[in-house]
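The next block holds one structure in the form of structure tokens; read it before the comments.
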Amino acid sequence: MNYEPSGGFALTDETEQPSRRRRWIIAGVIAVLVLIAAFVMLRPGKPVPGGAAGGQQAEQLPPVTVAAPGNNVVDRTITGTGSLAARVDMPVGVAGEGGRVTAVLVQPGQWVGAGQVLATVDSSVQTQTANSLAAQIAVARADAKLAQANVDRAQALVGRGFVSKADLETKIATRDAAVARVRVAEASLAQQRAANSRLAIRAPAAGLVLTRSVEPGQIVSAGSGPLFRMAKGGEMELKAELSEGDIQSLSVGARAQVTPVGSTQTFNGRIWQISPVIDPQTRRGIVRIAIPYDKALRPGGFATASIYGGASTSPVLPNSAIQTDANGNYVYIVGKDDKVERRAIKTGEVSDRGVSVVSGLNGNERVVLSAGAFLSPGQKVKPILRKP
């Protein structure tokens with residue numbers, strides 16, 4: 001032992017050695033861990049152009065799915081709405097002098113032929129008038145027959161001198177007047193019969209009865225207005241309202257599909273008339289689409305129409321590829337150096353296949369299909385090409 005000069009005991013080096021040994025062991029362990037971490041972080045990655053550092057950087061780039069959409073044939077579809085109506089709406093009223101309706105022979109929804117009687121009007125007085133005229137014809141014909149006999153006798157006697165030529169000419173004139181009276185009586189009878197036939201209310205053409213506004217016993221005249229409304233040939237139409245720009249791209253004969261409101265059934269039709277004027281207030285015009293008859297089509301109903309305005313060739317992208325902000329629609333494309341670029345586009349038709357791009361793309365670009373909202377222009381990515 002060692003003694004302090006003051007007489008107390010002094011600490012020896014042996015008491016400090018265990019503490020120092022522990023510190024050295026801990027420091028060694030820490031150094032080993034640091035070396036292991038550095039080895040893991042700096043170990044070589046997959047070989048890529050540019051060396052190990054380039055490979056490590058490539059592994060850290062975000063992968064994005066891209067595709068070259070190419071060009072697809074897209075049917076240009078224009079949607080419009082409007083009211084259903086008869087293509088040729090025929091109002092049927094009283095053509096003659098009218099009278100009391102004795103019978104109504106048809107009902108709405110019934111098919112009728114051209115000239116078929118829809119309703120009859122009392123013609124008892126007119127029938128008697130026609131009978132009187134027929135009797136007058138018989139009288140006139142008897143007078144004409146007698147006058148012709150007188151002429152024949154006079155012609156036989158004039159050569160013998162018993163009848164003068166003046167008497168013969170008088171008898172011939174009497175005969176001609178009698179014949180003329182026969183013709184007048186016949187014309188009067190024909191006129192009366194024509195007027196009587198007009199008492200019956202007839203269909204002007206074959207078609208479908210749409211409405212009826214007359215009942216038996218009703219007094220009708222030329223001023224009574226339409227008693228029936230008919231659709232000529234049963235043909236219907238949709239009067240679709242379209243914008244000025246859409247009408248400019250359509251032509252007569254374009255195909256269309258019409259769907260009545262409340263129905264899932266569609267009907268094929270074609271444009272048969274395009275309005276020559278545009279409403280200056282709404283800037284819209286009328287396109288008339290002819291549709292064959294079907295009992296599900298009711299005039300006055302509302303319907304929508306999808307009109308095919310021709311085909312065009314353009315890229316088609318899924319909805320997930322298209323981004324929108326205050327400046328409009330755009331997509332991200334990946335350039336040759338794998339950097340993201342923003343490209344403004346104009347969209348067109350939307351279909352089950354996707355959204356057509358009218359302008360902004362030629363179809364050969366590598367377009368980012370998804371996750372575009374998490375990218376920014378100039379960012380480098382790892383593109384994964386997917387076949388369209």
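The values are calculated or read from the model by the stated rules, or taken from the named source; none is laboratory data. Quick caveat: nothing in here was measured; it's all calculated off a predicted structure. Cβ: placed from backbone, ideal geometry, glycine included. Neighbour counts: every protein chain shown. Please note that ligands, DNA and RNA were not included when accessible areas were found on the heavy atoms of the full protein model with its side chains. Shrake-Rupley method; radii C 1.70, N 1.55, O 1.52, S 1.80 Å.
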Check your understanding: What is the number of the single condition among (1) assigned to a loop (DSSP other than H, G, I, E, B); (2) free of Cβ contacts under 8 Å to residues at least 24 places away in the same chain that V350 does not meet?
Key -> (1)
Review point. Of all residues in the stretch 92-129, how many are outside any strand (DSSP E or B) and either farther than 15 Å from L227 by Cα or in contact (Cβ under 8 Å) with a residue 24 or more places away in the chain (or both)?
Key: 23
Check your understanding: Here are some residues: G109, G99, G80, G113. Which one is within 30 Å of G245 (Cα to Cα), open to solvent by less than 60 Å² (accessible area, probe 1.4 Å) and either touching a Lys or Arg at 6+ places or on another chain (Cβ under 8 Å) or of a type in the set (G, A, S) (or both)?
Key -> G80
Practice item. Scan the stretch 231-242 and give yes if some residue there is surrounded by 12 or more Cβ atoms within 10 Å (Cβ to Cβ), basic (K, R), over 25 Å from the mean Cα position of the chain (by Cα) and within 26 Å of Q107 (Cα to Cα), otherwise no. Key: no
Check your understanding: So which residues in the stretch 205-225 are in contact with a strand residue (DSSP E or B) (Cβ under 9 Å, 6 or more places away or on another chain), open to solvent by 30 Å² or more (accessible area, probe 1.4 Å) and on the phi < 0 side of the Ramachandran plot, if there are any at all?
Key -> A206, L210, T211, R212, S213, E215, P216, Q218, I219, S221
Exercise for review: Look at the stretch 314-347 and say how many of its residues are under 30 Å from P260 (Cβ atoms) and in a strand (DSSP E or B).
Suggested key: 1
Study note, to complete from the structure: Taking the stretch 130-150 and keeping residues without any contact (Cβ under 8 Å) to a residue 24 or more places away in the chain and open to solvent by less than 50 Å² (accessible area, probe 1.4 Å) leaves A149
Review point. Among T264, T282, which is over 30 Å from P62 (Cβ atoms), outside any strand (DSSP E or B), open to solvent by less than 90 Å² (accessible area, probe 1.4 Å) and at pLDDT 85 or above?
Key: T282
Check your understanding: A311 fails exactly one of the following numbered conditions: (1) modelled with pLDDT under 85; (2) open to solvent by less than 30 Å² (accessible area, probe 1.4 Å); (3) part of a strand (DSSP E or B). What is the number of that condition?
Key -> (2)
Study note, to complete from the structure: Exactly one of S213, S197 is out of contact with any Asp or Glu (no Cβ under 7 Å at 6 or more places or on another chain) and farther than 23 Å from L84 by Cα, and that one is S197
Revision key, fill the gap. In the set I78, I25, the lone residue that is modelled with pLDDT of 60 or more and either touching an Asp or Glu at 6+ places or on another chain (Cβ under 7 Å) or among the hydroxyl-bearing types (S, T, Y) (or both) is I78
Point to revise | Within the stretch 151-171, considering residues that are open to solvent by less than 50 Å² (accessible area, probe 1.4 Å) and of a type in the set (V, I, T), the one nearest to Q116 (Cα to Cα) | key: V151
Exercise for review: State all residues of the stretch 116-129 that are open to solvent by less than 30 Å² (accessible area, probe 1.4 Å) and either among the aliphatic types (A, V, I, L, M) or within 33 Å of the chain's Cα centre (by Cα) (or both); if no residue qualifies, say none.
Suggested key: L118, A119, V121
Exercise for review: Could you grab me the full set of residues in the stretch 163-198 that are without any contact (Cβ under 8 Å) to a residue 40 or more places away in the chain and outside any helix (DSSP H, G or I)?
Suggested key: V163, S164
Point to revise | Close pairs from the stretch 271-290: first of a type outside the set (A, V, I, L, M), partner modelled with pLDDT under 90 and not in a loop (DSSP other than H, G, I, E, B), Cβ under 6 Å, at least 6 apart | key: R283/E244; R284/S243; G285/I247
